[in-house]
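A short worksheet on the structure shown next.
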Amino acid sequence: MPLSWSLPDADELPEILIDLAVPHEDIEVLVRMRRRVTDDPELRRFLEASVEELVRDMGQVGVRVELPELDWPAGPLQRCFPAYVFVAALPHTRAYHRERGVPAEVTRRTLADLGRNMAVHRRRYGRTGVQAPRWLTHHFRGELYQLGRLQFERARAGKWLDAAPDAPCLNLHIPDFHGPLTPAAVDRSLALAREFFARHFPEERYSAATCHSWLLDPQLKRYLPADSNIVRFQERFRIGRDDAEEADTEPVQFVFGDPELPIEGLPRRTAVERAVGDHLRGGGHWYIGHGWFLFEEPGESTSAVRR
């Protein structure tokens, strides 16, 4: 059966983009270019193929999605085309959420990551575009949900836990533009996640949570006070010592907004800025840390993940 999809008309599109938290200065660009997509048969076919790839096996974990790359001269349309793919797929994502009983406010906050992603692109380049389309496929396929301060991605244990590789686990992600990572905010997110996944994905028993981030690099403890939000976040995890990946640009990107900034001129306004910049200027490197902790309520079974 052919996939049903369409782009909203020019009057409806701005309201949908606002719901997706797209920056206001980018909305006019997307509305103006809409007709280039709908009036060009080649672009319409490409959009249809992209939407089909995105919503294929909706909700399944571990399905690799490769959105086709637009073979088009570099410019606004190339940078923004993924936004049209996500908007066209939106009815399918919302339908899957409704089937699972996901509250409308969780759907809205989760899919608003499209706007956050475009804001990151504008902060870095000063123009309209989608920064990381592949990352957003998880949101629009029902794999990832924003619950309070954190995002939780349905995943499998893989090699990171002392568990069967296909054991369900939740990958934690820390989005930009969402305030400090306070212990209270993290506690609230974890409580929301326990309730959310038990209610809406009862067949998937999540006994552990994982995180793969430069925020779990133990070297940060050399620079930050023990009661800092980042150190207290680290202390929730058992961090692997042998699988760290060198990633000097990661903290530069997330702290300063552009991974290509020269380290000599990085600002030193906050403790985190000083930590990231001073460590690199001193010849050090930053690493992606891999950590996990048990996600079950106290007293529940821990058979899936052994202590």
- With contacts defined as alpha carbon pairs under 8 Å and 6 or more residues apart, what's the relative contact order of the range 1-142 in percent? 33 percent
- Item | Check: the range 1-142 dipole with +1 on Lys, Arg Cβ and -1 on Asp, Glu Cβ, in debye | 500 debye
- Message: If I build a Gaussian network model for the chain, linking alpha-carbon pairs within less than 10 angstrom, which residue out of A185, A167, A226 has the largest mean-square fluctuation?
- Response: A226
- Task: With a/c under 1.5 counting as rounded, go ahead and sort the chain into rounded, prolate or oblate using the C-alpha gyration tensor (a ≥ b ≥ c being the square roots of the eigenvalues; past the cut-off, prolate if a/b is larger than b/c, else oblate).
- Result: oblate
- Note on the structure: If amide H atoms are modeled at 1.01 Å from N in the peptide plane, then the residues at a separation of 5 or more from C169, or on another chain, having amide H under 5 Å from its own are A155, R156, A157
- Under the Karplus relation with 6.51, -1.76 and 1.60 and θ = phi - 60°, whole-Hz ³J(HN,Hα) for the range 222-236, x at Gly and Pro, equal 6, 10, 10, x, 4, 9, 6, 4, 5, 5, 5, 5, 3, 5, 6
- Would you give the gap between the C-alpha center of the range 249-269 and the C-alpha center of the range 168-186, rounded to a whole Å? 21 Å
- Message: With +1 assigned to the C-beta of every Lys and Arg and -1 to the C-beta of every Asp and Glu, and no other charges, what is the dipole magnitude of the range 89-219 about the Cα centre in debye, to the nearest 20?
- Response: 560 debye
- Query: Across the range 182-191, in residue order, what do the Karplus-derived ³J(HN,Hα) couplings come to in whole Hz, using 6.51 cos²θ - 1.76 cosθ + 1.60 with θ = phi - 60° and x for Gly and Pro?
  - Reply: 6, x, 5, 5, 5, 4, 5, 4, 5, 5
- Counting only residues 5 or more places away or on other chains, whose amide H sits under 5 Å from the amide H of A247 once H atoms are built in the peptide plane? W286, Y287, I288
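Taking the Cα centre of the chain as origin and charging only Cβ (+1 Lys, Arg; -1 Asp, Glu), how large is the dipole, in debye to the nearest 20? Let's see the in-between values first.
Values: 41 positive and 47 negative charges, 128 e Å.
For this selection, approximately 620 debye.
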- For the range 46-53, in residue order, the Karplus 3J(HN,Hα) values (coefficients 6.51, -1.76, 1.60; θ = phi - 60°; whole Hz; Gly and Pro = x) are 5, 4, 4, 4, 5, 5, 4, 5
- Query: Per residue of the chain, what 222 nm ellipticity follows from adding -39500 (n - 2.57) for every DSSP H run with n ≥ 4, rounded to the nearest 500?
  - Reply: -13500 deg cm²/dmol
- Describe numerically, in nm with one decimal, the distance between label points set 7 Å from Cα along Cα→Cβ at E204 and at A49. 2.9 nm
- Item | Long-range HN-HN contacts of F295 with modeled amide H, under 5 Å | A208, A209
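Laboratory data are not the source of any read-out in this text; all were calculated from the coordinates shown. Just so you know, these numbers come straight off a predicted model, no measurement behind them. A quick note on method: Cβ atoms are made from the backbone with ideal geometry, for glycine too, and the neighbour counts reach across all protein chains shown.
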